[in-house]
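Each remark here refers to the structure printed beneath this line.
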Amino acid sequence: MNFDILLKIIIIMAPLSLAALGGATSIYAPMQHHTVDVEQWVTAREFLDLFAIARVTPGPGSMLGTLIGWKVAGLAGAIVASLALYLPSSALVFGVGQVWHKHRGKRWHTALENGLAPIGCGLLFAGVLTLGRIAAEGVVQIAIIPAVAALMMFWPKLHPFFFLLGAGLICYSVYLAGF
Amino acid sequence: METVPSRVSLLSLYRVFFEVGLFSFGGGLVPWIHREVVDVRKWMSNEEFLSGVALTQVMPGVNSTNTAIYVGQRLRGLAGASTALLAMLTGPFCAVLLAAVFYQQLLGLPGFQAAMVGVAAAAIGMLLRMGIVSARVTVKSLPPLLMMIATFAAVGIFRLPLIPVVCVMAPISVAIAWFLSAPKAAAVAEDAE
């Protein structure tokens with residue numbers, strides 16, 4: 001019976017793995033539909049709580065799937081859900097990477113690399129803006145973004161963990177101060 | 001610059017990505033990987049890393065784990081890719097289950113969520129810094145600059161969907177890079193050996 005549930009987890013999560021274009025955000029909606037509406041593994045409220053947990057813990061947002069697997073079938077469910085969510089897309093990336101790395105040094109490969117790099121750069125800045133909109137709760141939170149960027153320019157050797165910790169403490173103090 | 005790095009051990013690969021995975025809050029993983037792999041350890045060049053970011057972003061899956069696979073594969077093939085992926089997920093997997101056990105208490109802590117927003121903001125700052133550093137290395141002439149700005153504007157400002165934008169921008173940008181590479185094609189080929 002347990003195996004049936006594990007199989008079901010795979011059937012739901014594996015296609016989502018390949019559908020996760022542009023990251024985990026694109027599969028929240030279908031994941032909610034399957035696990036809450038159809039299978040009723042978790043309630044809508046539980047789904048939101050699990051979503052919040054996935055957001056505040058380290059790691060990608062698709063850890064939400066891991067949590068649902070855990071909720072439904074314990075540790076085995078968590079492991080199966082994680083594998084189902086990561087293996088299909090990872091295999092695809094690896095396959096494309098094989099072709100990519102094999103042709104290193106050819107002129108078309110260099111052109112691809114030089115052509116794609118500025119696009120990767122543009123996407124980075126776009127990510128700053130998109131994520132910044134979410135974090136922009138107040139002046140302090142917004143100011144942290146360029147401040148951390150500038151400080152990291154000056155002290156590139158300093159471990160990024162200190163910046164994360166410092167920023168967390170600052171915002172905690174702001175919260176305590178009641179702004 | 002374009003040298004195949006001396007054999008990176010799977011253990012150091014695991015250590016780097018385990019740490020990145022464990023300390024990554026609020027989506028700041030790709031710049032962190034960039035810092036470790038390009039800046040600190042010099043396992044690959046900036047162009048190589050960035051083109052990998054662009055390449056793996058248009059594929060399904062999470063950007064950070066896709067980038068980890070790309071780096072691991074480049075350095076150690078299948079074993080490297082599997083090690084990097086596993087390392088990236090070990091920490092978050094344990095953390096998320098631990099948090100799930102204690103989540104009522106955690107979310108109930110006053111100021112916890114406020115602090116997490118600050119952590120996320122710092123992670124975005126890391127992303128900004130990586131963008132600036134990368135742009136300085138990558139953008140050596142006007143065409144790549146325009147490509148970068150256009151991509152940023154389309155996805156960041158006008159919020160157009162990422163996949164179609166990349167599908168339009170990439171061929172243009174690559175075609176330009178192809179023509180720019182023409183006069184010094186020999187030098188490029190030499191570089192690669």
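The values are calculated or read from the model by the stated rules, or taken from the named source; none is laboratory data. Being a predicted model, the structure only gives us computed values, none of them experimental. Methodologically, a virtual Cβ is constructed for each residue, glycine included, from the backbone with ideal geometry; neighbour enumeration extends over all protein chains shown. These accessible areas exclude ligands, DNA and RNA; they are computed on the full protein's heavy atoms, side chains included. Shrake-Rupley method; radii C 1.70, N 1.55, O 1.52, S 1.80 Å.
Points worth noting:
- Residue ID - nearest to the other protein chains (Cβ to nearest Cβ), chosen from residues in region A:114-140 that are outside any helix (DSSP H, G or I) and at pLDDT below 85: A:137
- Taken together, the residues in region A:150-164 that are more than 7 Å from chain B (Cβ to nearest Cβ) and not aromatic (Phe, Trp, Tyr) amount to 5.
- Single residue of A:147, A:143 found to be more than 30 Å from residue B:170 (Cβ to Cβ), open to solvent by less than 60 Å² (accessible area, probe 1.4 Å) and more than 7 Å from chain B (Cβ to nearest Cβ): A:143
- Every listed requirement among (1) within 7 Å of another protein chain (Cβ to nearest Cβ); (2) over 20 Å from residue B:57 (Cα atoms); (3) open to solvent by 20 Å² or more (accessible area, probe 1.4 Å) is met by residue A:67 save one, (3).
- Hey, residue B:152 closer than 17 Å to residue A:128 by Cα and touching a helix residue (DSSP H, G or I) at 6+ places or on another chain (Cβ under 9 Å) or not: yes
- Pairs are defined by a Cβ separation below 8 Å, a sequence spacing of at least 6 or placement on different chains, a first member in region B:131-146 that is touching a residue at least 12 places away in the same chain (Cβ under 8 Å) and at the interface with chain A (Cβ under 7 Å from one of its Cβ atoms), and a second member that is in a helix (DSSP H, G or I) and of a type in the set (D, E, K, R); the pairs so defined are B:138/B:47.
- Note on region B:1-114: enclosed helices (runs of 4 or more DSSP H) holding 3 or more residues that are at negative phi, open to solvent by less than 30 Å² (accessible area, probe 1.4 Å) and among the hydroxyl-bearing types (Ser, Thr, Tyr) are B:63-101.
- Among the residues of region A:48-68, those identified as in a helix (DSSP H, G or I) and either more than 22 Å from residue B:95 (Cβ to Cβ) or at pLDDT below 85 (or both) are A:48, A:49, A:50, A:51, A:52, A:53, A:54, A:55, A:56.
- Candidates are the residues of region B:147-177 that are more than 7 Å from chain A (Cβ to nearest Cβ) and surrounded by 19 or more Cβ atoms within 10 Å (Cβ to Cβ); the one that is modelled with the highest pLDDT is B:154.
- Within region A:84-113, tally of residues that are within 7 Å of chain B (Cβ to nearest Cβ) and within 30 Å of residue B:93 (Cβ to Cβ): 10
- Selection within region A:157-179 - over 25 Å from the mean Cα position of the chain (by Cα) and surrounded by fewer than 19 Cβ atoms within 10 Å (Cβ to Cβ): A:157, A:173, A:175, A:176, A:177, A:178, A:179
- For the residues A:119, A:68, A:145, the requirement of being out of contact with any Leu (no Cβ under 7 Å at 6 or more places or on another chain) and β-branched (Val, Ile, Thr) singles out A:119.
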